[in-house]
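Below you'll find the structure, written out as structure tokens, and then a few comments.
Every number in this text was worked out from the coordinates using simple rules, so none of it is lab data. In this text, all values refer to a predicted model and were calculated from it rather than measured experimentally. Every residue, glycine as well, gets a Cβ built from its backbone with ideal geometry; the counts of neighbours run over all protein chains shown.
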């Protein structure tokens, strides 16, 4: 796929089914992520892949976190948390791992993790793999972060759900460039 076509047409795919990406596709996806802009080459990101039984474990981690916040959580709400990771055959957890550096503040490293995430989304789009970047309360919950093995200094920047797109891609309206771009002088 031509790069500008991918950039102009990528959309999130919320309905994802089996199969997930192949090993070859995952290699290409992560090679794209590792090419993200990275001031001082700190590599301030890391990734976890979760699939199969791991998705159920992630759902249990979500449910346990939700119960910590709301001990009287309804069974219906509990089932929702348990099922969240099951919306796709694979989830990639993107983690920003900031490094101490005199010239590279944490915000630049966080932006690098965001760029790595965007590269993952574009690589998926280019190969026909459906992808959806999700966050929500579970991305910021200390119990979830601890359960996934994040250090206290690390930031969970998102869950990328991956699989085969089900249905057609949503057509997004073309934005008017002049609404967002001005020349400064």
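Mean projected area of the convex hull spanned by the Cα atoms of region 45-96, taken over all viewing directions: 3.8 nm². Between 84, 132, 41, which gets the highest mean-square fluctuation from a Gaussian network model of the chain, Cα cutoff 10 Å? Largest GNM mean-square fluctuation: 41.
I need to check one value: relative contact order of the chain, counting alpha carbon pairs closer than 8 Å and at least 6 residues apart, in percent. That works out to 35 percent. Extension gain, residue 70 to residue 107: 0.36 nm times the residue separation minus the Cα-Cα distance gives 10.1 nm. Dividing the summed helix terms, -39500 (n - 2.57) for each DSSP H run of n ≥ 4, by the number of residues in the chain produces a 222 nm estimate of -12500 deg cm²/dmol to the nearest 500.
The gain in end-to-end length when the residue 166 to residue 118 segment is fully stretched comes to 15.2 nm, 0.36 nm per residue minus the alpha carbon separation. Defining a contact as two alpha carbons under 8 Å apart and six or more residues distant in sequence, what relative contact order in percent does region 67-163 show? Contact order relative to length: 41 percent. Centre-to-centre, using Cα atoms only, region 122-185 and region 73-108 are separated by 11 Å. Under the simplified labelling scheme, the residue 139-residue 77 pair shows an inter-label distance of 2.2 nm, with each label point 7 Å from Cα along Cα→Cβ. Using a Gaussian network model of the chain in which every pair of alpha carbons under 10 angstrom is joined by a spring, one finds that among 103, 170, 43 the greatest mean-square fluctuation is at 103. Fully extending the segment from residue 176 to residue 46 would add 43.3 nm, taking 0.36 nm per residue of separation and subtracting the current Cα-Cα distance. Cut-off 10 angstrom, C-alpha nodes, Gaussian network model of the chain. Which of 44, 173, 105 fluctuates the most? The residue that fluctuates most here is 173.
Which values of log₁₀ I(q)/I(0), to two decimal places, follow from the Debye formula for region 56-160 at q = 0.21 Å⁻¹ with a uniform point scatterer at every Cα? Here log10 of I(q) over I(0) equals -1.11. Every Cα-Cα pair of region 1-85 was included, and the share exceeding 14 Å stands at 77 percent.
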